[in-house]
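Q: One structure coming up, written as structure tokens, with questions to follow.
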Amino acid sequence: MSRGKFNNKILAVFTPPKTWVLERTLSFQPDVQIIDDIKVLHKIGVNVSATGRISCHKGMKTDLASVPRACWAILSPWDVARPAVIHDHLYSSLRKYYDSEGMDETLEKGKSYC
């Protein structure tokens, strides 16, 4: 069962000591789009389209998957790199939203949107 589709492979440049910078946009289109979820993602600042496509734009910094080198034999960071970039964008947007003046208090009170 497919859970969504990425638009492309990652094209990024390593910037020591631990980050990468995207050289082109990476997008993810989930198979299921729920209007309420899209509204919440948009409200917190995620680059999300009306169809639910989440986009990480060229120039975004990411650490890809923070997998310790000792674990690479079991789980290569390249196996989870694209989802990790989307995760980094979602997390960064959420942190900025929580630190903003206009944060919606209902998100703080444990109301679940997922």
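Readers should treat all values here as calculations from the given coordinates under stated rules, not as data from a laboratory. Keep in mind that what you see is a predicted model, and the values were worked out from it rather than measured. All Cβ positions, glycine included, derive from the backbone under ideal geometry; neighbour counts span all protein chains shown.
Q: For Ser66 and Val80 in one chain, what is 0.36 nm times their gap in residues minus the Cα-Cα distance, to one decimal in nm?
A: Extra length available between Ser66 and Val80 comes to 4.1 nm.
Q: Sticking with this structure for a sec: Please give the FRET efficiency for Val32 paired with Ser92, using the beta carbon to beta carbon distance and R0 = 30 Å, rounded to the nearest 0.05.
A: Approximately 0.80, to the nearest 0.05.
Q: Run the numbers for Val21 and Lys39: contour at 0.36 nm per residue of separation, minus the present Cα-Cα distance, in nm.
A: My answer for the length gained is 3.7 nm.
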